[in-house]
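Beneath this line is the structure, given in C-alpha cells, with notes to follow.
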Amino acid sequence: MVSKDGVFQLLIVVVTTALFAVVGVGLFVFYPDTLTDLLGVLLALVVVLVGIKIAGNVASSLFPGYNVAEVAVTGPITRDGGGGPLPSGPRATPADDVVEQIDRADADDSVDALLLKLNTPGGEVVPSDDIRLAAERFDGPTIAYATDTCASGGYWIASGCDELWAREGSIVGSIGVIGSRVNASDLAEKVGLSYERFAAGEYKDAGTPLKELEDHEREYLQGVIDDYYETFVERVSDGRDLDAEFVKDTEARIYLGESAHELGLVDELGTRREIEEELEQRLETDDVVVEEFEPERPLMARIGSGAQSIAYAFGAGISGLGDGRGFRLRS
C-alpha cells in the first residue's frame, strides 16, 4: 500500500518533470530556429533529467516518506576513521561522522525512532563514548542491533540505547580492557642501540620499548587500564541496568547471541524485520519506513599534523596508550 507521503512525492515528481519537459522543448526544439532538431532534443532531454533530479529532491524534502533512521557503526571505532597509531583498516568507523548522523536524524522531524546497527569489534574509548552519548540524546525510541559482532566498544555504545537486539549467532560482549608493550631492550643491546632519557615528569616515558619497565611504571600503566575498566563497567551497568559485579564476572568473555540473551546481556533475539515489526507497535503505525543516514561528506581519513596524540583503546579495539612510547592497548 502506497502511503500518503508517497503519493505526494509522486505527484510532485510528475508535475515538476512535466514542467521542465515543456520548458526544455520550448527552449531547445522550437527556439531558436538556428539549432538543429537533434541538438534541441538532446538538450531538452538534459533539462528533463535535471528536472527529475530537482523534483525528487524537493519531494523528498517536503514528504520524506520515512519515519525511522538507521545509522551504522562498522569496523574498528576511531576518531576520524584513520590516522591512528595503528592502521585501522579501510572499514573503520569515524566516530565524528556517526555522531553527526545521529544528531541529524534527531533534528529531522520525520524521524520518530533510531536504529543503531552495530558490527564492530570495538575501538577507542572517547570516540565510542561520544557515539553512546549521541544515542542517549536522541529524542525517541533507540534500538541497537548486533549483526555479526557487537564487542567491547560496540557494547559500550549499545549501553546508550533503550534496547539491544542480536541474532543467535552474533558475537556479543568483551567487556574488558587489555594493554601490551613491546620490550625491545635486549634487541637494542644486541644491535648496539641504547636509550638516553630526556623527559620532564617521572612517567612521561613509561612503556618506552627501548628500556626495561620498572615495577612502579608497570603499576602506573596497570592503574590506567583499571580506571578505564571501571568506567566501562559503570557505563554498562547503568545503561543496561545490570549489576556491576555481574558485569565484572563476565571477565571480558564473548558470547553468542543466544547465550548473551540468556544472561541478560541482550534484550531480544530477532531479525531486522522483527525489529521493524516491534517498532510498528511502539510507534503505533502500520508503515515503518527506514532511511539509512550517511555522512554528508565523503568518508576519508584526515591527515594529522605530525604530532601524535595519546589514544586509548579497550577490549577488541585497536589503539595505543602512550603513543610513540611502545605501550599499546589492543586485542
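The values are calculated or read from the model by the stated rules, or taken from the named source; none is laboratory data. If you're wondering where the values come from, they're calculated on a predicted model, not measured in any experiment. Glycine gets a Cβ as well: all are built from the backbone with ideal geometry, and neighbour counts include every protein chain shown.
Among the conditions (1) free of Cβ contacts under 8 Å to residues at least 60 places away in the same chain; (2) surrounded by 15 or more Cβ atoms within 10 Å (Cβ to Cβ); (3) outside any helix (DSSP H, G or I), residue 212 misses just one, which is (2).
The residues of segment 94-147 that are among the charged types (D, E, K, R) and in contact with a Ser or Thr (Cβ under 7 Å, 6 or more places away or on another chain), listed by number, are 117, 124, 132. Regarding segment 168-181, can at least one residue be identified that is modelled with pLDDT of 95 or more, touching a His at 6+ places or on another chain (Cβ under 8 Å) and under 30 Å from residue 257 (Cα atoms)? No, segment 168-181 contains no residue that is modelled with pLDDT of 95 or more, touching a His at 6+ places or on another chain (Cβ under 8 Å) and under 30 Å from residue 257 (Cα atoms).
Return yes when residue 169 is touching a Gly at 6+ places or on another chain (Cβ under 9 Å) and surrounded by 20 or more Cβ atoms within 10 Å (Cβ to Cβ) and no when it is not.
No.
Looking only at segment 174-209, residues that are over 30 Å from residue 236 (Cβ atoms) and surrounded by 10 or more Cβ atoms within 10 Å (Cβ to Cβ) come to 15 in all.
Rundown of residues vs (1) buried (at least 18 other Cβ atoms within 10 Å of the Cβ); (2) not acidic (Asp, Glu), yes/no style:
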{"residue": "219", "(1), (2)": "no, no"}
{"residue": "224", "(1), (2)": "yes, yes"}
{"residue": "228", "(1), (2)": "yes, yes"}
{"residue": "235", "(1), (2)": "yes, yes"}
{"residue": "239", "(1), (2)": "yes, yes"}
{"residue": "243", "(1), (2)": "no, no"}
{"residue": "246", "(1), (2)": "no, yes"}
{"residue": "252", "(1), (2)": "yes, yes"}
{"residue": "255", "(1), (2)": "yes, yes"}
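Those residues that are charged (D, E, K, R) and in contact with a Phe, Trp or Tyr (Cβ under 8 Å, 6 or more places away or on another chain), I need them from segment 90-134; list them, please. Residues satisfying the conditions are 104, 106, 117, 124, 129, 132. Of all the numbered requirements in (1) part of a helix (DSSP H, G or I); (2) in contact with a helix residue (DSSP H, G or I) (Cβ under 8 Å, 6 or more places away or on another chain); (3) crowded, with 20+ Cβ neighbours inside 10 Å, residue 260 misses one, and that requirement is (2). Taking segment 276-288 as the range and being modelled with pLDDT of 90 or more and among the hydrophobic types (A, V, I, L, M, F, W, C) as the test, only 279 passes.
Scan segment 263-280 for residues that are acidic (Asp, Glu) and either touching a helix residue (DSSP H, G or I) at 6+ places or on another chain (Cβ under 9 Å) or not assigned by TED's automatic domain parsing to the domain that holds residue 125 (or both) and the total you get is 2. When each of 248, 190 is tested for being in the same structural domain as residue 127 (by TED's automatic domain parsing) and free of Cβ contacts under 8 Å to residues at least 24 places away in the same chain, the lone residue that passes is 248.
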